[in-house]
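Only one structure is covered here, and it is reproduced in the block below.
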Amino acid sequence: MTKAKIFLVEDHPITRGGLAQLIDSQADMEVCGWAEDAVQAVNGVDQTEPDLVITDLSLKGTDGLDLLKQIRPKHPRLHVLILSPCDGSWVERFTSVKRSPLELWRALPTVPRLR
């Protein structure tokens, strides 16, 4: 079985570590890389070619939306899940960081390759 590759973009080490543990505990998913900022993320996504990027909306020096503008042209089929303290309806799947880890857990299978 091929594992879905997930790239994390999160500048808070505790949050990033918790997400990585949650994902890596699943038989069909793995964290293929992580970044603390958009520059690292662009390079990491280019190198690892993940199936899904989970990014914080608020990043050092930029935000998750600017990051998407940078990576979408080279990776148009890449799935993205944005973590944010606010609600939104303009992404494939939206999960607030104010919700329980179970909410993130429920969001992951909604990404086509992760079903």
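Structure above, values below:
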{"read-out": "Check on Leu59, surrounded by 18 or more Cβ atoms within 10 Å (Cβ to Cβ), outside any helix (DSSP H, G or I), at pLDDT 70 or above and not small (Gly, Ala, Ser)", "value": "yes"}
{"read-out": "Qualifying residue in segment 39-47 (condition: among the aliphatic types (A, V, I, L, M), surrounded by fewer than 16 Cβ atoms within 10 Å (Cβ to Cβ) and either outside any loop (DSSP other than H, G, I, E, B) or within 10 Å of the chain's Cα centre (by Cα) (or both))", "value": "yes"}
{"read-out": "Residue among Val80, Val39, Val31, Val45 that alone is touching a Phe, Trp or Tyr at 6+ places or on another chain (Cβ under 7 Å) and hydrophobic (A, V, I, L, M, F, W, C)", "value": "Val45"}
{"read-out": "Residue within segment 33-42 that is farther than 25 Å from Pro73 by Cα and not charged (D, E, K, R) present", "value": "no"}
{"read-out": "Tally, over segment 22-38, of residues that are surrounded by 15 or more Cβ atoms within 10 Å (Cβ to Cβ) and either basic (Lys, Arg) or assigned to a helix (DSSP H, G or I) (or both)", "value": "3"}
{"read-out": "Test: residue in segment 74-87 that is β-branched (Val, Ile, Thr), more than 16 Å from Leu8 (Cα to Cα) and modelled with pLDDT under 90", "value": "no"}
{"read-out": "Residues satisfying the stated conditions in segment 7-21, i.e. surrounded by 14 or more Cβ atoms within 10 Å (Cβ to Cβ) and either touching a Pro at 6+ places or on another chain (Cβ under 6 Å) or assigned to a helix (DSSP H, G or I) (or both)", "value": "Phe7, Thr15, Arg16, Gly18, Leu19, Ala20"}
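The values are calculated or read from the model by the stated rules, or taken from the named source; none is laboratory data. Worth saying up front: this structure is predicted, and the values here are computed from it rather than measured. Note: ideal-geometry Cβ built from the backbone for every residue, glycine included; neighbour counts use all protein chains shown.
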